[in-house]
1. Identify the residue in the stretch A:26-45 that is among the aliphatic types (A, V, I, L, M) and part of a strand (DSSP E or B) and, among all such residues, is nearest to A:M1 (Cα to Cα).
2. Restricting to the stretch A:153-182, name every residue that is of a type in the set (V, I, T), part of a helix (DSSP H, G or I) and either over 17 Å from B:V172 (Cβ atoms) or touching a residue at least 40 places away in the same chain (Cβ under 8 Å) (or both).
3. Scan the stretch A:217-235 residue by residue and report those that are touching a Leu at 6+ places or on another chain (Cβ under 8 Å), surrounded by 15 or more Cβ atoms within 10 Å (Cβ to Cβ) and not in a helix (DSSP H, G or I).
4. Go through the stretch A:1-44 and give me each residue that's closer than 22 Å to A:L134 by Cβ, within 14 Å of chain B (Cβ to nearest Cβ), surrounded by 19 or more Cβ atoms within 10 Å (Cβ to Cβ) and not aromatic (F, W, Y).
5. Are any residues in the stretch A:153-196 in contact with a Lys or Arg (Cβ under 7 Å, 6 or more places away or on another chain), more than 7 Å from chain B (Cβ to nearest Cβ) and not hydrophobic (A, V, I, L, M, F, W, C), and if so, which ones?
6. Between A:R128, A:R137, which is in contact with a strand residue (DSSP E or B) (Cβ under 7 Å, 6 or more places away or on another chain), farther than 19 Å from B:F100 by Cβ, of a type in the set (K, R) and surrounded by fewer than 24 Cβ atoms within 10 Å (Cβ to Cβ)?
7. Which one of these is without any contact (Cβ under 8 Å) to a residue 40 or more places away in the chain, touching a strand residue (DSSP E or B) at 6+ places or on another chain (Cβ under 9 Å) and not in a strand (DSSP E or B): A:A64, A:A48, A:A23?
8. Could you grab me the full set of residues in the stretch B:183-211 that are in contact (Cβ under 8 Å) with a residue 60 or more places away in the chain, closer than 20 Å to B:E28 by Cβ and under 17 Å from the mean Cα position of the chain (by Cα)?
2 protein chains.
Amino acid sequence: MRTHIVYAHPHNGSLNAALRDEAVQTLEALGHTVTVSDLYAMNWKAVADYDDFGPTENEHFIAAAAEAWEKDALASDIKAEQEKLLAADNVILQFPLWWFTMPAIMKGWVDRVFANGFGYGTSRDWKRYGDGKLAGRRAMLVVTTGAGESHLSERGVNGGIDDLLFPIQHGVLFYTGMRILPPTVLTGVHMLDDSGHADNAKYLRERLETLAETEPIAYRKQAEDYDEHKQLLPGREPKGTTGFALHIAR
Amino acid sequence: MRTHIVYAHPHNGSLNAALRDEAVQTLEALGHTVTVSDLYAMNWKAVADYDDFGPTENEHFIAAAAEAWEKDALASDIKAEQEKLLAADNVILQFPLWWFTMPAIMKGWVDRVFANGFGYGTSRDWKRYGDGKLAGRRAMLVVTTGAGESHLSERGVNGGIDDLLFPIQHGVLFYTGMRILPPTVLTGVHMLDDSGHADNAKYLRERLETLAETEPIAYRKQAEDYDEHKQLLPGREPKGTTGFALHIAR
């Protein structure tokens, strides 16, 4: 098994760094080959721009991205990440929750790596949501937050963490064909003592040890549950279902 | 009236740039003083790191941010944005929807400008969600996307656009005390002809002309509708309500 970890935290002595190291050790002990993209350490370029594409006459940004993909002219740091994803069986994105999503440096990893041609296409029959270039892989988020668990429950003032992570888990990772495992969410981390940190590390180890057999979130495949206008077919959901829950089979 | 527009698109000849110019002209014609932070043109630093804080012995990132706030030592580009927000009556964030949220450069604007002390605090009684440093201001997103309207409806395969934008509208902008107007969402933009673009420009003008009287989204205030565990008080919502809809009064 090969597992690629994409990791973002500005402080290498942080709890996040300790959890990253814990993850690498756990996976290697399980026999995985592990690669890590430590975005801050790599000084990852966060901003998608024309420099990503090589020389082009194409002014339209998305079209220029497609041209670069076709000519194999994407920047070498982007290509290296695409290759790591293609080589992996499992993909883990680990980050502190900043404003209810990933830090900008990791959003820049998404924007640049999942470029036109690799992450998505503009044709009407582009395979996505359950099918795509990264089909066959499993993905899991590992997220730390200072917010308490009750604040991130469905009735919590921040909104439920599963809904908050939907645009990433469904809109980015499932979009490209990967199967998404329930996230590893570690809450209230700035209030923990050593025993709390040890519990979190233990929980992360357990999640990694069961990566292969954990049931993925049952996001609905575009090819199976949606009509030609990409609308959920009538009657697929339990009566009264609303919001993102419509897009998860129960 | 003062209106601050934060804008991100890599191509200055784009539809987005034309809409930005349309917005500035419309607002100036209404008598607004308009400031624009064109993040790509400013070469905005997207990545939050210790360079934002001036000299510090504080290794913990969030604590170092708080120290910088207290010592007035935040980087000058961050301070300039904070001052523009404090001076504004209206705040507009305009961006193309990339992976169902803002481009990394704008996420880096959020991460860096809404820093500890300005955007949020870590005390238990920090005022947020309807109260906060930016209370009294109105905010609106202006979002363009290639996705079709039906694909972004509640039953659409991407999920509903209001839910997709919730982490930004509620989790960032309402969090800081601003009142959030329904977003200006322009769909299917890469398929439009000149007449379609003209319709979009007209719609944007109408939204800007009615900025002051448009009813904000009725996000629930933390101080009014939540208990001490930051959970929505029982019985506040219509029976059967789930997901993000819990946090909007009807």
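Here, each number is a calculation from the coordinates, and none is a lab measurement. Source: prediction; values computed, not measured. Using ideal geometry, Cβ is built from the backbone for each residue, glycine included, and neighbour counts are taken over all protein chains shown.
1. Looking at the filtered set, the residue picked out is A:V34.
2. Scanning the stretch A:153-182 gives A:I168, A:V172.
3. Taking the stretch A:217-235 as the starting set, the residues that turn out to be touching a Leu at 6+ places or on another chain (Cβ under 8 Å) are A:217, A:220, A:225-227, A:232.
Restricting the remaining residues to those that are surrounded by 15 or more Cβ atoms within 10 Å (Cβ to Cβ) gives A:217, A:220, A:225-226, A:232.
Answer for the stretch A:217-235, where residues must be touching a Leu at 6+ places or on another chain (Cβ under 8 Å), surrounded by 15 or more Cβ atoms within 10 Å (Cβ to Cβ) and not in a helix (DSSP H, G or I): A:I217, A:R220, A:Y226, A:L232.
4. Of everything in the stretch A:1-44, those that are closer than 22 Å to A:L134 by Cβ, within 14 Å of chain B (Cβ to nearest Cβ), surrounded by 19 or more Cβ atoms within 10 Å (Cβ to Cβ) and not aromatic (F, W, Y) turn out to be A:V6, A:A8, A:L39.
5. Within the stretch A:153-196, A:Y175, A:T176, A:G177, A:R179, A:T184 meet the criteria.
6. Values: A:R128 fails: farther than 19 Å from B:F100 by Cβ.
Exactly one of A:R128, A:R137 is in contact with a strand residue (DSSP E or B) (Cβ under 7 Å, 6 or more places away or on another chain), farther than 19 Å from B:F100 by Cβ, of a type in the set (K, R) and surrounded by fewer than 24 Cβ atoms within 10 Å (Cβ to Cβ), namely A:R137.
7. Numbers: A:A48 fails: without any contact (Cβ under 8 Å) to a residue 40 or more places away in the chain; A:A23 fails: without any contact (Cβ under 8 Å) to a residue 40 or more places away in the chain.
Exactly one residue qualifies, and that residue is A:A64.
8. B:L204, B:R207, B:L208, B:L211 - these are the residues of the stretch B:183-211 that are in contact (Cβ under 8 Å) with a residue 60 or more places away in the chain, closer than 20 Å to B:E28 by Cβ and under 17 Å from the mean Cα position of the chain (by Cα).
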